[in-house]
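Nothing in this text is a laboratory measurement; each read-out follows from the coordinates by a stated rule. Because the structure is predicted, anything quoted here is derived from the model rather than measured. Heads up, the Cβs are rebuilt from the backbone with ideal geometry, glycines too, and the neighbour counts pull from every protein chain shown.
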Amino acid sequence: MRWQQSRRSENVEDRRSMGRISGAGAAGIGGLGLLIVVIGALFFGQDPGQLVSMLEGGALQQGGPAGDAPTGPQPTDEASDFVSAVLGDTEDTWGAVFQTAGERYEAPNLVLYTDVVQSACGVMQATTGPFYCPDDQKVYIDLGFMNDLKRMGVSGDFAMAYVISHEVGHHVQHLMGMDQQVRDLQARVSQTDANQLSVLMELQADCYAGVWANHAATQRQLLDESDVEEGLNAAASVGDDRLMAMAGRRVQPEAFTHGTSEQRAQWFRTGLSKGDLEACDTFGQAGLR
């Protein structure tokens, strides 16, 4: 990926030097999901049950209210510079898409942290993976996740770009009011149906990541053929079926919250090939419109 030529975003908060917080809290929507807790536990030699218990427990906060931490200096190391470049390019893409629709795009902030972070959605551990919190409209990423991707057999800088653009996709859903509609519907249906709605949200965010990739490739020539393969591999690597199998669990489709490896790669490819929001109607294709 030719990210070096991209504009850097000014919406990056570097909290990596702020110290660490003990405890964990509730997750925001999106992210790569709580299934990553299990994989992360295996990676770090921890007991998955203990991590889940921590996430379900209360939060010990540091400093002021959630999301109130001061913005740190702009990142200067290469990994965080890459994140800033990708975020800046998503801002350019979605700014243009929203403008075409007669709307104004409000870019999210992206928070870099180490190990544990306080968000408006609770205190979260890095083992839950990158996530988007709608309550403060911020994307949260521990850069150690890049190493986690490598352990899962995913390599290449565009793999991480896919992760960032997926989380930004959840922000786009939030701006469109989709997340609230889904939460309202989830409150009225069974757990299995609620999980299926989560799957449709995640697949749509994958498709939105593909829409960004299409614009990055066709309008700014940032991608080459190998980047596309890296993105498809990254999407397939975080499918529910693969994560459950890697964790030694029985694959249970009714418990899926993000979609299968095949579905995730398919919807990323759809957004990539079409470059249009209208192509990402996962709910309509599921007969929910």
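Observations on the structure shown:
- Spin-label proximity, D81 to region 149-193 - amide N less than 13 Å from point 7 Å beyond Cα toward beta carbon: none
- For region 158-174, 3J(HN,Hα) computed residue by residue from phi via the Karplus equation (6.51, -1.76, 1.60; θ = phi - 60°) reads 5, 4, 5, 4, 4, 4, 4, 5, 5, 5, 5, x, 5, 5, 4, 4, 5 Hz, glycine and proline entered as x.
- Subtracting the Cα-Cα distance of M176 and T114 from their residue separation scaled by 0.36 nm leaves 19.3 nm.
- Taking packing as the residue-averaged number of other Cβ atoms within 10 angstrom, the listed peptides 106-112, 177-183 run from highest to lowest as 106-112, 177-183.
- Relative packing of 81-89, 200-208, which averages over residues the other C-beta atoms within 10 Å, highest first: 200-208, 81-89
- Distances between placed amide hydrogens fall under 5 Å for V111 paired with E13, V139, Y140, I141, all partners being 5 or more residues away or on another chain.
- Counted by neighbouring Cβ atoms within 10 Å, the residues I141, I164 run from fewest to most as I164, I141.
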